[in-house]
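K.L.:
Before I ask anything, let me first share the structure, which is written out below as structure tokens.
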2 protein chains.
Amino acid sequence: MNPSSAPAEHAGSTALLTDMYELTMLRAALAGGAAHRRCAFEVFARRLPDGRRYGIVGGTGRLLDALAHFRFGDAELEPLRGVLDTRTLEWLEGFRFSGDIDGYQEGELYFPGSPILSVRGTFAECVVLETLVLSILNHDSAIASAAARMAHAAGPRTLIEMGSRRTHEQAAVAAARAAYVGGFDATSNLEAVRRHGIPGAGTSAHAFTLLHTTGDGPDESAAFRAQVAALGTGTTLLVDTYDITEGVRRAVAVAGTGLGAVRIDSGDLGEMARQVRTQLDGLGATGTKIVVSGDLDEYGIAALRAEPVDAYGVGTSLVTGAGAPTAGMVYKLVEVDGVPVAKRSTDKPSRGGAKRAVRAVRPTGTIVEEVVYRAGAGFSDPDGLDAAGALAGPGLHAEQLLRPLVRGGAPAPGRGGIDGARTLVAERLTGLPWEGLRLTHGLPAVTTRFLP
Amino acid sequence: MNPSSAPAEHAGSTALLTDMYELTMLRAALAGGAAHRRCAFEVFARRLPDGRRYGIVGGTGRLLDALAHFRFGDAELEPLRGVLDTRTLEWLEGFRFSGDIDGYQEGELYFPGSPILSVRGTFAECVVLETLVLSILNHDSAIASAAARMAHAAGPRTLIEMGSRRTHEQAAVAAARAAYVGGFDATSNLEAVRRHGIPGAGTSAHAFTLLHTTGDGPDESAAFRAQVAALGTGTTLLVDTYDITEGVRRAVAVAGTGLGAVRIDSGDLGEMARQVRTQLDGLGATGTKIVVSGDLDEYGIAALRAEPVDAYGVGTSLVTGAGAPTAGMVYKLVEVDGVPVAKRSTDKPSRGGAKRAVRAVRPTGTIVEEVVYRAGAGFSDPDGLDAAGALAGPGLHAEQLLRPLVRGGAPAPGRGGIDGARTLVAERLTGLPWEGLRLTHGLPAVTTRFLP
């Protein structure tokens, strides 16, 4: 199917997906005269989730779509009449973001302090975007980051996202998208199939087997016959509703040795996979694949590396970010009329001034460090050439990380889709220093150097 | 504002917010002839999140709204043409759920094994609802449960939900709603204000103070003046952008002793609150309230009980379920044509047969136990009278927990709104045995007895 034919994600306005204080600040800034000062806001994460070695930027594409629908029509203005004055309501009525946005590409690695997104324009037009920007980037980056860890753990084996039931019904669609970006191969979520063109997957649950129960008792074979008749022998039969050995025997008896796959959803998955593989091979079903599911996370996936598993179905741990359900990114005002600004706080480092970042890469492709530096006037230096001289070591290539996303309120050319983002994740993981791919807790895989 | 004037949450169809396997099962069941068997599915949680003593049912109202929009139009059927056959597509085209649903009221307590929702009809019409039902109940119950713990910890003090930026942009709206049900007083989320009529809250962030920076340096007083001029002296001034003592001094200097509140977002909140209270009182601003925010969870809230805090702003921990971002509820087929069915599994207890539940309550209002029993023919015994005789002890009142939500596909009368759910949470918490309100990890506060 062609995802471009699908209904837009944000058929309505996204403008009220916003914290009230963005608009009360707008009101006060309009009244006080500061609303039109030129500002730069930056999105960054002060730290990675506990022990994580890298983060993956997710949601950039969704954000750009949502931004195009950030409009205050009558339906959005009406509930604000009690909160805002006429001047503010009129300003909102005509609102179009007209500034510039640069950002790390979707699928890019990030580390503590990476300036993931740079939003520049008047205070008024930048401040109102804060909540929407953070909601999308924090959610999608959390899922994409978890997915990348799982994808690395799974190696070449297939990963199926099936966590829709464990998260908010719309978050589920975004989670399927972010999982695909992170390296998953398919999703159970039909709306994600429609909206984003992600390959779909899924055949049956225990309910289907249990349905084939009569007064005479359960009839697993009848369930398998019905499924194979409807979906073909290439289907995946769920074999652990009753006795798993009997289930496998019946599955092959019904579907023949050309059965596509069996799924195991309970028990010690490694032990079960070995037994089932031996049984399938003994029955001649040597091409029948084994899909495992049930409370898998990246550690569970990795623990099954030596077992005869062909595909993993992952639900809860993926959609809840594998222990880190939000990426903890913040959106901070860093520059006003060219003057760097920062909150004075002891426990939260905050660096003023609009910034750019390059990554220093060896000729072998291995990342050495990230270098963050103050952007020049007009946010120049698109190729990171100014900073290249500051790299620690000869022979290093400096790759500019902030790419133009929006110019004068309009989408910048060259925007990649989710397949491009997915490819980027896979590429970037090969560039990490090898410690960075360990699942164990540790420090960020790449250090970030902040030039004064 | 009147929430009934707001656009519906599900302006489009909710039908594709569904796992693919629900529809491949439907296809196989239609082809095999089992699709029209009378089935009962039940939603329950096998356990509470680690150490939790109770759960709160959230999302029932949202589910009933979403159910009314579960329709397969052309836009939903088109992407399914590659997956389903003509018979299934035609069945979906005319689909209207025509069965019965009973459920625990929104805001009701639940415990492991509580039959939170009972969905009865043909296999076909019940199975397709699984994903949507679980997405909504798992998300909203996780947030409502976390919110109730926080509300109890806060006692009579005001709780403001401000976590939108830490979760998916639509999950944020549902989280604000669930937080309100759980006992929060207000939300920062404007869409939740519009859609659900929840009181809104929010005034300004550090960005507003930082905005008032010129070549001569920061000017916190200018920011305060602009805010007070626009929003009045009743506003809340954020006083910790620079030096907090100076911030409080400037705030009162600008707004006078009638200043509504100050907000503290960093540092040791208890120590800061004490200092600020003393300073405010010394300045004569004895009525100025203190709002604290910044990485608060139920423990952080409880730790501030003895401090002069008037209101808490809670973000990340609330919208991520305070460590339990999903409620772990499942949707299981329990009965086919009157025959109880259950998966045979060693580690996951599953009890066949459609069930009802009563809660045994002392005359003092204290809950003694929950009793789960097999429903009679036609899901009778609406008052729990059959089970009352099975209660452990004389003088106990049996309260029926499953209430009619849908009858013959149509909403049952007497549906409560979110204010009713919020009131119910507060009532139910007073009925818990007192150990049940402790924040420490422990066993469920109420035991559930399953009659054979």
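K.L.:
Assuming a strict under-29 Å limit between Cα atoms, what lysine pair count do you get for chain A once near-sequence pairs (fewer than 8 apart, same chain) are dropped?
P.N.:
On the way: A:Lys332/A:Lys343; A:Lys332/A:Lys348; A:Lys332/A:Lys355; A:Lys343/A:Lys355.
Lysine pairs meeting both conditions in chain A amount to 4.
K.L.:
How far apart are the B:Arg81 label points across copies, placing each 7 Å from Cα toward Cβ, in nm, shortest first?
P.N.:
With the label placed 7 Å along Cα→Cβ, B:Arg81 yields 4.6 nm.
K.L.:
Compute and list, largest first, the equivalent-ellipsoid semi-axes of the protein assembly as shown from the alpha carbon gyration tensor, each √(5λ) rounded to a whole angstrom.
P.N.:
Ellipsoid half-lengths, sorted descending, are 46, 35, 24 Å.
K.L.:
Okay, helix-only estimate at 222 nm for the protein assembly as shown: each DSSP H run of n ≥ 4 adds -39500 (n - 2.57), divide by all residues, round to 500 deg cm²/dmol; what do you get?
P.N.:
-10000 deg cm²/dmol
K.L.:
Here's something else I'd like to know. Residues of A:324-333, mean number of Cβ from any other protein chain within 10 Å of their own Cβ, rounded to a whole number?
P.N.:
Working: counts 1, 10, 10, 1, 2, 2, 1, 3, 4, 8.
Mean inter-chain Cβ contacts per residue within 10 Å come to 4.
K.L.:
Another question about this same structure. Over all directions, average the projected area of the Cα convex hull of chain A and note it in nm².
P.N.:
25.4
K.L.:
If I model region A:2-112 as equal point scatterers sitting on the Cα atoms and use the Debye formula, what is log10 I(q)/I(0) at q = 0.09, 0.20 Å⁻¹?
P.N.:
-0.35, -1.17
K.L.:
Same structure, new question: Once you average over the residues of A:72-79, how many Cβ atoms of partner chains fall within 10 Å of each Cβ?
P.N.:
Neighbouring Cβ atoms belonging to other protein chains average 3 per residue here.
K.L.:
Continuing with this model, one more query. Check A:Val341: other-chain or 5+ apart residues with amide H under 5 Å from its amide H, H built from backbone geometry?
P.N.:
A:Glu335, A:Val336, A:Gly353
K.L.:
Compute the accessible area per residue over chain A, keeping the other protein chains in place, probe 1.4 Å, unit Å². Each step should come with its number before you reach the end.
P.N.:
Working: 15710 Å² over 452 residues.
About 35 Å² of surface per residue is accessible.
K.L.:
Determine Rg/Rh for region B:158-321; Rg is computed over alpha-carbon atoms and Rh is the Kirkwood hydrodynamic estimate from the same atoms.
P.N.:
Over the Cα atoms of region B:158-321, Rg/Rh equals 0.98.
K.L.:
Compute log10 of I(q)/I(0) for region B:257-306 with the Debye formula, placing one identical point scatterer on every Cα and leaving out solvent, at q = 0.13, 0.23 Å⁻¹, to two decimals.
P.N.:
Evaluating at q = 0.13, 0.23 Å⁻¹ gives log10 I(q)/I(0) of -0.30, -0.84.
K.L.:
Quick one: pull the percent of accessible area on the protein assembly as shown belonging to carbon and sulfur, 1.4 Å probe, ligands and nucleic acids left out.
P.N.:
Carbon and sulfur: 51 percent of the exposed surface of the protein assembly as shown.
K.L.:
Can you list the DSSP H helices in chain B whose Cα atoms extend at least 15 Å along the helix axis and whose mean Kyte-Doolittle hydropathy is 0.0 or higher? The partial results should precede the final answer.
P.N.:
Numbers: long enough: B:20-32 (18 Å, 0.78); B:130-154 (35 Å, 0.66); B:171-182 (16 Å, 1.23); B:220-231 (16 Å, 0.62); B:244-255 (16 Å, 0.74); B:269-282 (19 Å, -0.64); B:418-431 (20 Å, 0.12).
Membrane-span-like by this rule: B:20-32, B:130-154, B:171-182, B:220-231, B:244-255, B:418-431.
K.L.:
In terms of modelled amide H atoms, which long-range or inter-chain residues lie less than 5 Å from the amide H of A:Phe450?
P.N.:
Excluding prolines and chain starts, which carry no amide H, the hits are A:Val372.
K.L.:
Over all alpha-carbon pairs in region A:112-169, figure out the percentage whose distance exceeds 16 Å.
P.N.:
Across region A:112-169, Cα pairs with separations above 16 Å total 62 percent.
K.L.:
May I pose another question? Given contacts defined as C-alpha pairs under 8 Å and at least six residues apart, what's the relative contact order of region B:158-321, whole-number percent?
P.N.:
So the answer I get is 23 percent.
K.L.:
Then there is this: Chain pair A, B: how much accessible area is buried, both chains summed, with a 1.4 Å probe, in Å² to 100?
P.N.:
Interface area, both chains combined: 7800 Å², rounded to the nearest 100.
K.L.:
Can you pull the mean other chain C-beta count within 10 Å for peptide A:27-37?
P.N.:
6
The values are calculated or read from the model by the stated rules, or taken from the named source; none is laboratory data. Since the structure is predicted, the reported quantities are computational estimates derived from the model, not experimental observations. When we count neighbours, we look across all protein chains shown, and the Cβ atoms used for this are built from the backbone with ideal geometry, even at glycine. Only protein heavy atoms, including side chains, enter the accessible area calculation; ligands, DNA and RNA are left aside. Shrake-Rupley method; radii C 1.70, N 1.55, O 1.52, S 1.80 Å.
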